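Asker: Got a structure here, written out as structure tokens. Questions coming.
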Amino acid sequence: MYYPGTHLIASIQSENISALAASASFKQLVDDVIKQHSLQKLGEVYHDFSPAGFTGVICLSESHISIHTWPEYGKVNLDIYLSNYQKNNEGAVHGIYQSFLSFFDGVALDMQTLKR
């Protein structure tokens, strides 16, 4: 039986420029939350821009996480989608989002949740 997954899309404002500047620390956080929520990473691509900022896409067996940062504007765009094929991941989506908000010391500018 198919149960809709949870797709969270958000924009965050952050003054933590060092967290927005490079992907290394964020990449470690993603690995930690994937383990914490018993998800399975299939692959990942990160790119650090010059002079600062990064983008990343993490492919999961449950779906994906993607991010793009703009340190010059103090902005982060996030996309977290987890299906519910083998287990209900709605709580994991919101837990991951809260971890990301904390990591960036951020404030949500906009957040939408879709069931699909």
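Asker: Sort out which residues of segment 32-47 are surrounded by 15 or more Cβ atoms within 10 Å (Cβ to Cβ) and charged (D, E, K, R), and write them in order of number.
Answerer: Narrowing segment 32-47 to residues surrounded by 15 or more Cβ atoms within 10 Å (Cβ to Cβ): 33-34, 37, 39, 41, 44, 46.
Hits for segment 32-47 are K41, E44.
Asker: Quick check: is even one residue across segment 21-41 more than 19 Å from T6 (Cβ to Cβ), part of a strand (DSSP E or B) and among the hydrophobic types (A, V, I, L, M, F, W, C)? Give the derivation first.
Answerer: Step one: filter segment 21-41 for residues more than 19 Å from T6 (Cβ to Cβ), giving 21-29, 31-32, 35.
Cutting the leftovers down to part of a strand (DSSP E or B) gives us none.
So far as segment 21-41 goes, no, none of its residues is more than 19 Å from T6 (Cβ to Cβ), part of a strand (DSSP E or B) and among the hydrophobic types (A, V, I, L, M, F, W, C).
Asker: Taking segment 69-81 on its own, how many of its residues are under 11 Å from the mean Cα position of the chain (by Cα) and not hydroxyl-bearing (S, T, Y)?
Answerer: 5
Asker: Keeping to segment 70-109, report how many residues are in a helix (DSSP H, G or I) and either touching a Leu at 6+ places or on another chain (Cβ under 7 Å) or of a type outside the set (G, A, S) (or both).
Answerer: 11
Asker: Any idea which residue in segment 98-116 is surrounded by the fewest Cβ atoms within 10 Å (Cβ to Cβ), counting only those that are within 14 Å of L20 (Cα to Cα), touching a residue at least 60 places away in the same chain (Cβ under 8 Å) and out of contact with any strand residue (DSSP E or B) (no Cβ under 9 Å at 6 or more places or on another chain)?
Answerer: We begin by selecting, within segment 98-116, every residue within 14 Å of L20 (Cα to Cα); these are 100-107.
Adding the requirement that they be touching a residue at least 60 places away in the same chain (Cβ under 8 Å) leaves 100-101, 103-107.
In the following step, the residues that additionally are out of contact with any strand residue (DSSP E or B) (no Cβ under 9 Å at 6 or more places or on another chain) were identified as 103, 105.
On the way: F103: 19, D105: 12.
The selected residue is D105.
Asker: Name every residue in segment 1-44 that is among the aromatic types (F, W, Y) and either modelled with pLDDT of 95 or more or within 15 Å of the chain's Cα centre (by Cα) (or both), in order of residue number.
Answerer: Quick first cut of segment 1-44, residues among the aromatic types (F, W, Y) only: 2-3, 26.
Once the filter is applied, which keeps residues that are among the aromatic types (F, W, Y) and either modelled with pLDDT of 95 or more or within 15 Å of the chain's Cα centre (by Cα) (or both), segment 1-44 yields only F26.
The values are calculated or read from the model by the stated rules, or taken from the named source; none is laboratory data. Please read these numbers as outputs of a predicted model, since none were measured by experiment. Neighbour counts are summed over all protein chains in view; Cβ atoms, including those assigned to glycine, are modelled from backbone coordinates with ideal geometry.
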